[in-house]
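Here's the structure, in C-alpha cells; my notes come after.
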Amino acid sequence: MDMNQAGQAETDTPARAARFDYTPTAADYDRALWRYTLGTWRGLTRYLPFLGIAAAAAFAIRAWRYHFDQTQIIIAAIPCVIALFVVRQVGRRHRTRGQFDSHAEHGTCLTTVDENGLTTTGTSGRTVTDDWSSYPWWFETPELFVLTGSMEFFLVLPKRGAAAPDDVERARELFTRHLRRI
C-alpha cells in the first residue's frame, strides 16, 4: 500500500462514536430549561408575542372599562407583566418534567453519538434511535449537552456520563457539524 492509499484508507474509516453512560435526573432537565429560557433568543421570545398580545388586550379592556389614570395603569401593568412571565415558565417547567419522566423510564442510559445520529439504550431494554434531523439545534452548559427541536422537546446528555474525556470533545464536534448551535 502506498502513501496515497494509506491516506485514503484513514479517511474512509468511520470516526469513533462518543459514548455516554448516565442516569437522567430532574435537575439536568431543569438546568436545560433555564439555560434555554434565559440564554437563547429562541427561548426568550418563543411564546412571548402571543402571551403579550393577550395580556395587553385584557389590560386594555380593563383600563377602558374602569378609566384608569396613568398611575393606575402603571401599577396594574406591573402584576400583568410578572404574571405573564410566571405563567410562561410554569408551563414550560411542566412540559420539561414530562420529558424527564418519559426519559427516566429507561433507567440508566447508554447514548452513542456517531455520524448517523444518536442511539440511546436503557436498562429497561428499550432502544431509541434518532437521526440528526430530529434535533436541528443544540446548546451546551458546563454540565450538559442539550439537543432541541423546540421548547416542546429536549434531549439532555449529561457530560458526567462520558465514557472517556475525549468523548465530550467528539460529541461537541459531531453536534457542531450536524446541528445549529443556539
Review point. Can you find even one residue in region 134-157 that is modelled with pLDDT of 75 or more, open to solvent by 80 Å² or more (accessible area, probe 1.4 Å) and either closer than 29 Å to ALA17 by Cα or touching a strand residue (DSSP E or B) at 6+ places or on another chain (Cβ under 8 Å) (or both)?
Key: yes
Review point. With respect to THR129, is the statement that it is at pLDDT 90 or above, open to solvent by 30 Å² or more (accessible area, probe 1.4 Å), within 18 Å of HIS178 (Cα to Cα) and of a type in the set (Ser, Thr, Tyr) true?
Key: yes
Revision key, fill the gap. Per the list (1) farther than 30 Å from PRO165 by Cβ; (2) surrounded by 13 or more Cβ atoms within 10 Å (Cβ to Cβ); (3) at pLDDT 75 or above, residue check on PRO24 breaks on (1)
Review point. Could you count how many residues in region 123-161 are free of Cβ contacts under 8 Å to residues at least 60 places away in the same chain and in a strand (DSSP E or B)?
Key: 12
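Would you check which residues across region 158-182 are small (Gly, Ala, Ser) and either open to solvent by 10 Å² or more (accessible area, probe 1.4 Å) or under 21 Å from THR96 (Cα atoms) (or both) and list them?
Matches in region 158-182: GLY161, ALA162, ALA163, ALA164.
The values are calculated or read from the model by the stated rules, or taken from the named source; none is laboratory data. Predicted model, so just to flag it, every value in this text is computed and none were measured. Cβ: placed from backbone, ideal geometry, glycine included. Neighbour counts: every protein chain shown. Quick note on the areas: whole protein, heavy atoms, side chains included, nothing else; ligands and nucleic acids left out. Shrake-Rupley method; radii C 1.70, N 1.55, O 1.52, S 1.80 Å.
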